[in-house]
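Right, one structure below, let's go through it.
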Amino acid sequence: KSADSRPAPVISVIGTGYLGATHAAAMAEMGFETIGVDVDPAKLAALSAGQVPFYEPGLPELITKHVASGKLRFTADIASAVAAADVHFVCVGTPQKAGSHAANLAYVESATRGVAENLTHPGLIVGKSTVPVGTAARLRGIVSEFTPAGIDAELIWNPEFLREGKAVEDTLHPDRLVWGGASEAADAVIREVYAAPISEGTPVITTDLATAELVKVSANAFLATKISFINAISEMCAIAGADVTTLADALGHDARIGRKFLNAGLGFGGGCLPKDIRALMHRANEIGAGRVVGLMQQVDEINMGQRQRVIDMAIESAGGSVLNRRIAVVGAAFKPLTDDVRDSPALNVAAALHLRGAQVTLWDPEAMETARRSFPTLTYAGSMTEAIEGADLVLVLTEWDEVVEADPVALAAVVGQRVVIDARNCLPTGRWVGAGWTVRSLGRPTPV
Ligand code: NAD
């Protein structure tokens with residue numbers, strides 16, 4: 001119950017993918033009755049059975065707990081969910097449009113309309129999806145057009161900053177909460193919803209719609225820029241014989257810079273950073289912010305160029321051609337602690353080598369199924385050792401702990417040629433070199 005003893009708001013969460021499933025579970029954990037809505041019946045069936053259709057540490061436990069407690073349920077019936085709820089979080093996807101850098105806003109538009117037209121009593125619609133600046137203002141038009149006459153509806157924007165792999169922790173204990181466009185009444189409701197993190201001292205930034213939308217894309221653009229910056233410097237390191245890892249460690253001690261997101265290597269991927277910087281580029285171009293366009297173009301180009309650098313290094317290591325060479329690829333997920341292979345640099349490199357005629361055998365601790373679905377023609381191994389057995393070349397493309405901690409002596413005994421490309425600069429090089437391996441990496445001298 002809230003302070004003035006109104007009943008606590010009931011929550012609906014529209015879209016139960018990575019963001020929505022986590023948000024719904026977190027809302028239930030914070031004590032709210034929560035209803036997750038999706039259009040994908042398989043996803044709903046899995047979630048209702050307490051199963052999470054992707055790998056996210058801690059999330060299955062939280063969903064199971066609250067499906068069992070009765071606080072959390074899932075349905076395809078948006079009308080009943082909206083009728084039962086007071087606060088409606090829009091968490092549907094905003095993927096890159098085919099053949100364009102723009103974001104596809106069809107899902108947020110239809111989800112927003114779906115909420116608005118099914119409102120039976122006053123509702124607060126809270127957008128969480130990542131959208132180009134100006135989207136929320138347009139969605140307000142949809143809300144006023146489709147909300148039944150006489151019912152009060154308000155739309156605010158509350159971008160989400162969770163990281164895949166740490167999604168539960170990030171949602172329960174966020175670094176900051178940002179929302180934009182809230183009236184005094186909406187502000188009170190959303191504060192009630194986030195009472196738990198707010199009481200822990202989480203900073204709250206309240207602003208207008210445009211700023212809220214831009215905070216999210218700017219955060220991702222900055223992180224992407226940091227990665228592409230160090231990757232650009234790694235090119236100079238490679239040419240000059242300098243070590244980009246030592247350089248990044250030294251830079252990182254400067255509190256103004258910080259060590260995070262300064263790992264040179266294969267670059268960023270996943271369902272967010274690449275499409276978010278492209279959508280930013282596209283929107284910046286539309287509204288005439290040319291500097292952002294140029295900056296993001298460079299960031300994207302440097303990032304994609306890293307994949308080519310690794311492919312080139314593999315070809316060179318294989319003596320000029322990978323045709324019929326046995327290449328072990330370790331890692332398929334776009335980063336550790338996820339099975340997400342959307343725009344994964346690792347899978348991208350594996351597929352490129354396969355297309356050049358290499359016999360690629362791939363292993364990942366969690367992303368085997370998602371990788372197989374995207375690239376059924378690659379060979380999949382049951383373990384790192386099995387992938388590496390007899391290989392002419394090993395590529396480490398995702399920095400899983402299991403991989404960083406793998407025993408180079410045992411692996412040396414089964415591999416064909418002891419050559420590894422550490423495309424994430426993550427291996428303890430000394431141990432690998434000690435076990436007889438040649439370790440090649442981006443922006444570090446090859447140790448002897
Ligand atoms: P996702 O593809 O995993 O999930 C989207 C879900 O929405 C799918 O389950 C889909 O079936 C459902 N959906 C589509 N249209 C619908 C509709 N009309 N009604 C109900 N459900 C519908 O995507 P995601 O990774 O969860 O991303 C969602 C949004 O959150 C995106 O804008 C993304 O940029 C943003 N975001 C994602 C992350 C992340 O780490 N994944 C982090 C922060 C923000």
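The values are calculated or read from the model by the stated rules, or taken from the named source; none is laboratory data. Only a predicted model underlies this, so the values are computations on that prediction, with no experimental measurement involved. Glycine also receives a Cβ, built like all others from the backbone with ideal geometry; neighbour counts cover every protein chain displayed.
Of all residues in segment 217-251, those satisfying the criterion of being loosely packed, with under 12 Cβ neighbours inside 10 Å and under 18 Å from M313 (Cα atoms) are I239, A240, G241. Residues of segment 247-266 that are of a type outside the set (G, A, S) and in contact with a helix residue (DSSP H, G or I) (Cβ under 6 Å, 6 or more places away or on another chain): I257, R259, F261, L262, L266. Restricted to segment 17-69, and to residues there that are among the acidic types (D, E) and away from the ligand (no atom under 16 Å from the Cβ), the residue that is nearest to the chain's Cα centre (by Cα) is E61.
From the list V143, V82, V133, V126, which residue is in a loop (DSSP other than H, G, I, E, B), hydrophobic (A, V, I, L, M, F, W, C) and touching a helix residue (DSSP H, G or I) at 6+ places or on another chain (Cβ under 9 Å)?
Details: V143 fails: in a loop (DSSP other than H, G, I, E, B); V82 fails: in a loop (DSSP other than H, G, I, E, B); V126 fails: in a loop (DSSP other than H, G, I, E, B).
Answer to the check: V133.
Would a scan of segment 183-206 turn up a residue that is among the aliphatic types (A, V, I, L, M) and closer than 15 Å to T112 by Cβ? Don't jump to the end; show me each part of the working.
Keep residues of segment 183-206 that are among the aliphatic types (A, V, I, L, M), which gives 185-186, 188-190, 193, 195-196, 198, 204-205.
Checking the rest, the ones that are also closer than 15 Å to T112 by Cβ come to none.
No, there is no match, as no residue in segment 183-206 is among the aliphatic types (A, V, I, L, M) and closer than 15 Å to T112 by Cβ.
Please go through segment 252-274 and pick out each residue that is part of a helix (DSSP H, G or I), crowded, with 17+ Cβ neighbours inside 10 Å and more than 16 Å from the ligand (Cβ to nearest atom).
none
Residues in segment 103-119 that are crowded, with 18+ Cβ neighbours inside 10 Å and not hydroxyl-bearing (S, T, Y): A103, L105, V108, A111, G114, V115, A116, N118, L119.
Between A137, A185, A167, which is aliphatic (A, V, I, L, M) and surrounded by 16 or more Cβ atoms within 10 Å (Cβ to Cβ)? Break it down stepwise before answering.
Details: A137 fails: surrounded by 16 or more Cβ atoms within 10 Å (Cβ to Cβ); A185 fails: surrounded by 16 or more Cβ atoms within 10 Å (Cβ to Cβ).
That would be A167, the only listed residue that is aliphatic (A, V, I, L, M) and surrounded by 16 or more Cβ atoms within 10 Å (Cβ to Cβ).
From the list V133, V189, V126, V204, which one is more than 13 Å from the ligand (Cβ to nearest atom) and within 18 Å of G93 (Cα to Cα)? Among V133, V189, V126, V204, only V133 is more than 13 Å from the ligand (Cβ to nearest atom) and within 18 Å of G93 (Cα to Cα).
Taking only segment 162-206 into account, find how many residues are among the aromatic types (F, W, Y) and touching a helix residue (DSSP H, G or I) at 6+ places or on another chain (Cβ under 9 Å).
Going through segment 162-206, the residues among the aromatic types (F, W, Y) turn out to be 179, 194.
Cutting the leftovers down to touching a helix residue (DSSP H, G or I) at 6+ places or on another chain (Cβ under 9 Å) gives us 179.
Residues meeting the conditions: 1.
The criterion of being under 24 Å from W157 (Cα atoms) and either at pLDDT 95 or above or in contact with a His (Cβ under 7 Å, 6 or more places away or on another chain) (or both) holds for S80. Every condition in (1) buried (at least 18 other Cβ atoms within 10 Å of the Cβ); (2) modelled with pLDDT under 95 holds for A3 except the one numbered (1).
All of L355, L347, L378 fail the test of being in the same structural domain as T429 (by TED's automatic domain parsing) and buried (at least 23 other Cβ atoms within 10 Å of the Cβ), apart from L347.
Summed over segment 85-96, residues that are assigned to a strand (DSSP E or B) and either free of Cβ contacts under 8 Å to residues at least 12 places away in the same chain or crowded, with 20+ Cβ neighbours inside 10 Å (or both) total 4.
Does any residue of segment 178-199 turn out to be in a loop (DSSP other than H, G, I, E, B), under 20 Å from Y18 (Cα atoms), touching a Phe, Trp or Tyr at 6+ places or on another chain (Cβ under 8 Å) and assigned by TED's automatic domain parsing to the domain that holds I78?
So the first thing to find is which residues in segment 178-199 are in a loop (DSSP other than H, G, I, E, B), and the list is 181-183, 194.
After this cut, where a residue has to be under 20 Å from Y18 (Cα atoms) as well, the list is 194.
Then drop every residue that is not touching a Phe, Trp or Tyr at 6+ places or on another chain (Cβ under 8 Å), which leaves none.
No, every residue in segment 178-199 fails to be in a loop (DSSP other than H, G, I, E, B), under 20 Å from Y18 (Cα atoms), touching a Phe, Trp or Tyr at 6+ places or on another chain (Cβ under 8 Å) and assigned by TED's automatic domain parsing to the domain that holds I78.
Restricting the search to segment 97-109, which residues are within 10 Å of the ligand (Cβ to nearest atom), touching a residue at least 40 places away in the same chain (Cβ under 8 Å) and aliphatic (A, V, I, L, M)? Result: A103, single match. As a summary of the residue check, I78 satisfies the conditions (1) of a type in the set (V, I, T); (2) within 24 Å of E29 (Cα to Cα); (3) surrounded by 23 or more Cβ atoms within 10 Å (Cβ to Cβ) except for the one numbered (3).
When V448, V420, V396, V403 are checked against the criterion of being aliphatic (A, V, I, L, M), in contact (Cβ under 8 Å) with a residue 12 or more places away in the chain and not assigned by TED's automatic domain parsing to the domain that holds G267, a single residue qualifies: V448. Per the listing A84, A103, the residue uniquely more than 18 Å from L172 (Cα to Cα), touching a Pro at 6+ places or on another chain (Cβ under 7 Å) and among the aliphatic types (A, V, I, L, M) is A103.
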